[in-house]
Ligand SMILES: Nc1ncnc2c1ncn2[C@@H]1O[C@H](COP(=O)(O)OP(=O)(O)O)[C@@H](O)[C@H]1O
Ligand SMILES: [Mg+2]
């Protein structure tokens, strides 16, 4: 917008308003950090102090990784969201390629089912999935935590759109060179569509790292808990009033995504809002 | 309904880079003046400063003698037509044209998008606005399309809507920033004539920006040639063609481009030029129509290699190269010229009275010759 | 032209020359996905709908077809009706507020000369943060006695508020958290919409006499953001409708059911009380509402460009 006249005061006012809102938005993060490095006595002083009176160092962080298995939760988070992403890419990419570049009977039906499934949240098939997993004795395993998400219809939808705009000529040239369809897909088409795959990966990892609902349904043992579930269970246990350790743990479990976001803002924003701008 | 516009020493910098340097220009009331120059030379920037859309770094603008530097765009009594038309896509053609009037004549609550319609006591004003809109639309022949959205119009029709939106409030000065550059070639020629006719009819001052020298030359009373953020020359079209003050202007105006040959090469091609040219190295320039393919009395013969011939129907363009590498173009009547094949040598005749000489920096050299006094720039 | 030839006369339709790709390759490529689709989405949904007509309880051996009994009971179930009501109240708070805040932020930031990146970063930060972790922080932040929010209130001489312990405030407290975490998301969507507004339009608006930013906003920005706006409203509604984490972690439906929302009630019914039949009926209600939203969303997407 170009407003050569009277623009200075408007700019300053905007900054004042935005800085105030930014303060409000950041305040919870600030409280998280400052509480995690405060001494326990200070927590119950009936007065809010902006800075810790007495720096307790990383005491709570050490407690979080020794007494409470925060590192295990992190590891589980990596395994579960990584495993989900791996299978999602492995299954969705060939399917999207078939939908995008082949003519076959039932293609439109398949795509219609995909479109329908886009609108189905995990809670809809949850009950039968739970019953099925318990029937095969898979409750409380990594497999149970991952299996419902092995197929991402959103990935199929997104990659289909991406592959459709991939030039046919290149694929035909590769066919003339005698490459198999599988090889064409993984060595020619996929490398050409990396931005889209990267955005989806961010979206998928963020979604499943943060998911509480499904792990809560199928995970029982502490060694298998993902970060949100571990945190929720820990907060419930008697040590739940230990706010310092709780905040330290919250900080540890949020940190991977936060650091990722700060390092690759553009990818994160694109990946996370992708569902919104399709 | 018309006004003089005076730009005094306008400069504009974006950070470190200076886009406009000390531009001064006096525009008479009712004049049609074109700003022409290669793209990126600062034409749009100058126009936007004039409109009040961007502030200048220094210098003053006055309209009819009154300084307007601190006035917002809408208070300058100027209308502008944008290259992209900049129509409001969500409004109908009629609403688009009415916007300048609505904003000026209705009180703030009445111009709110939806609620404004029921604000009381405005019906007389609204009727008057509607009447004015229809008149403006009629002027550019789009009164049949008032209820359509811009997306449903062709490029030429959108251009007319943009014109009508500018006309509707009868400003004293019109600014147009490459209004025809998004149209196809045929429509461009038609619209050129229509804009010229509109200027006649409204009598307002038109400041017209284009990068197309033909457009500028055919429409304007005067043409200001801009290069690198400066106005190099401002003159009537014929004067600009016949008497460019700068090599860049000479090259920019006229098509095909004027041929330039260094004095050394010219003398090498024909000794006869030695006496006609100054002793310092200069650049001589020849318009295509001054060169002859047949012997002419008083012309000097040089030999050149034929590169290429373009047939334009009524005339031909012959592209030549001299032994030293300089290029030369000849425009000739198409009738009965016999030319050798491409790559062959032939003779052409250059006028002895060299029309234009430029120094190494491109500035025109006006020489006193045969006792004539030097004419001032 | 070939097109004309094929239309005219009784000529044989030209057969496409060259190699014809066998559809079997396509089936092979799509099979894993189709199997998973059947196993994890379509099959379970069919089973779930079937379950909703039974009295099945997890762990019990018997299962009986009860027809619409579960649905009839839902109509009488005060807990369920309260959950439904709470969910809609929650959506009514979160969707408009997060959309308006997102729009406000996007427009304000778009007008800035400096610092756009910084502000976008700050306001997007809550979107990335793990909801459960931030719910813990909010719970502590708004704690009735030792929460920094209350300590700040007290230091200003105001009475303290136990938000999550108060029946009238708890739902609004949860809504505030969701607004906080959703506004940045909406801001980015609006920002994308704003970049689609050509700069020239604002120049034209200035020439046309729209001097104040309010005039410009109402006459240009807002109408041009219209399609984005509809879309963001629907998306935010769906997101708010699916709230679960904060309820499960902070209030567990309390105090006294004031934050019982649909998904949480369904979760308890299915996975705490193991009454699969009635949980399935609740899920069908939930899914139906989601489908309606999704249908609206698809309609909105179709009409995204209305000029
Ligand atoms: N807002 C701006 N910020 C920085 N540079 C600009 C801006 N507007 C124009 N310029 C620069 O000024 C020069 C002249 O631009 P412009 O006036 O648009 O040229 P023209 O209209 O003659 O093609 C260009 O080099 C352009 O990069
Ligand atoms: Mg320009």
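The values are calculated or read from the model by the stated rules, or taken from the named source; none is laboratory data. Predicted, not measured: the structure shown is a model, and the values here were computed from it. Every residue, glycine among them, receives a Cβ derived from its backbone with ideal geometry; neighbour counts consider all protein chains shown.
Brief remarks follow.
- Residue within the stretch B:65-79 that is away from ligand 2 (no atom under 16 Å from the Cβ), away from chain C (no Cβ under 14 Å), more than 26 Å from residue B:151 (Cβ to Cβ) and surrounded by 20 or more Cβ atoms within 10 Å (Cβ to Cβ) present: no
- For the stretch B:221-233, filtered to residues that are closer than 24 Å to residue B:1 by Cβ and surrounded by fewer than 24 Cβ atoms within 10 Å (Cβ to Cβ), the residue that is nearest to ligand 2 (Cβ to nearest atom) is B:222.
- For the stretch B:79-100, the criterion of being assigned to a loop (DSSP other than H, G, I, E, B) and within 17 Å of residue B:9 (Cα to Cα) is satisfied by no residue at all.
- Hits in the stretch B:15-43 - residues which are more than 14 Å from ligand 2 (Cβ to nearest atom) and over 18 Å from residue B:173 (Cα atoms): B:15, B:16, B:17, B:18, B:21, B:22, B:23
- Helices (runs of 4 or more DSSP H) (entirely within the stretch A:90-158) containing at least 1 residues that are without any contact (Cβ under 8 Å) to a residue 12 or more places away in the chain and facing chain C (nearest Cβ under 8 Å): A:107-118, A:126-135
- Test for residue A:195: is it within 13 Å of chain C (Cβ to nearest Cβ), in a helix (DSSP H, G or I) and under 31 Å from the mean Cα position of the chain (by Cα): no
- Top-ranked residue in the stretch B:80-91 [being at the interface with chain C (Cβ under 7 Å from one of its Cβ atoms) and under 19 Å from the mean Cα position of the chain (by Cα); ranked as surrounded by the most Cβ atoms within 10 Å (Cβ to Cβ)]: B:80
- Filter pass, residue A:34 being at pLDDT below 90, facing another protein chain (nearest Cβ under 9 Å), in a loop (DSSP other than H, G, I, E, B) and surrounded by 15 or more Cβ atoms within 10 Å (Cβ to Cβ): no
- Residues in the stretch C:92-108 that are facing chain A (nearest Cβ under 8 Å) and buried (at least 22 other Cβ atoms within 10 Å of the Cβ): C:105 alone.
This table checks each residue for (1) under 30 Å from residue C:268 (Cα atoms); (2) surrounded by 19 or more Cβ atoms within 10 Å (Cβ to Cβ).
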{"position": "A:168", "(1), (2)": "no, no"}
{"position": "A:184", "(1), (2)": "no, yes"}
{"position": "A:191", "(1), (2)": "no, no"}
{"position": "A:214", "(1), (2)": "yes, yes"}
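- Any hit, the stretch C:164-185, residues being surrounded by fewer than 17 Cβ atoms within 10 Å (Cβ to Cβ) and touching a helix residue (DSSP H, G or I) at 6+ places or on another chain (Cβ under 6 Å): no
- Meets criteria (under 23 Å from residue B:217 (Cα atoms), within 16 Å of ligand 1 (Cβ to nearest atom) and buried (at least 23 other Cβ atoms within 10 Å of the Cβ)) for residue B:5: no
- Those residues of the stretch C:126-139 which are within 7 Å of another protein chain (Cβ to nearest Cβ) and either surrounded by fewer than 23 Cβ atoms within 10 Å (Cβ to Cβ) or within 18 Å of the chain's Cα centre (by Cα) (or both), in sequence order: C:126, C:127, C:128, C:129, C:130, C:131, C:132
So that you can scan it fast, the table gives a plain yes or no per residue for (1) free of Cβ contacts under 8 Å to residues at least 12 places away in the same chain; (2) more than 20 Å from the chain's Cα centre (by Cα); (3) within 14 Å of chain B (Cβ to nearest Cβ):
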| position | (1), (2), (3) |
| --- | --- |
| C:226 | no, no, yes |
| C:237 | no, no, no |
| C:246 | no, no, no |
| C:249 | no, no, no |
| C:255 | no, yes, no |
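- Residue that is nearest to ligand 2 (Cβ to nearest atom), among those in the stretch B:160-183 that are within 11 Å of chain C (Cβ to nearest Cβ) and outside any strand (DSSP E or B): B:162
- Here residue B:13 clears all of (1) away from chain A (no Cβ under 14 Å); (2) within 25 Å of residue B:240 (Cβ to Cβ); (3) within 11 Å of ligand 1 (Cβ to nearest atom); (4) in contact with a strand residue (DSSP E or B) (Cβ under 7 Å, 6 or more places away or on another chain) except the condition numbered (2).
- Boolean, residue C:209 is more than 17 Å from the chain's Cα centre (by Cα) and more than 14 Å from chain B (Cβ to nearest Cβ): no
- Per-region count, the stretch B:35-57, residues within 9 Å of ligand 1 (Cβ to nearest atom) and either more than 12 Å from chain A (Cβ to nearest Cβ) or closer than 15 Å to residue B:230 by Cβ (or both): 12
Condition check ((1) touching a strand residue (DSSP E or B) at 6+ places or on another chain (Cβ under 8 Å); (2) touching a residue at least 60 places away in the same chain (Cβ under 8 Å); (3) within 14 Å of chain B (Cβ to nearest Cβ)) across all residues:
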position	(1), (2), (3)
C:172	no, yes, no
C:203	yes, no, yes
C:233	no, yes, no
C:273	no, no, no
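- Flag for residue C:268 being over 9 Å from the mean Cα position of the chain (by Cα), at pLDDT 90 or above, more than 9 Å from chain A (Cβ to nearest Cβ) and closer than 17 Å to residue A:119 by Cβ: no
- Top-ranked residue in the stretch B:184-212 [being touching a helix residue (DSSP H, G or I) at 6+ places or on another chain (Cβ under 6 Å) and within 16 Å of ligand 2 (Cβ to nearest atom); ranked as nearest to residue B:4 (Cα to Cα)]: B:209
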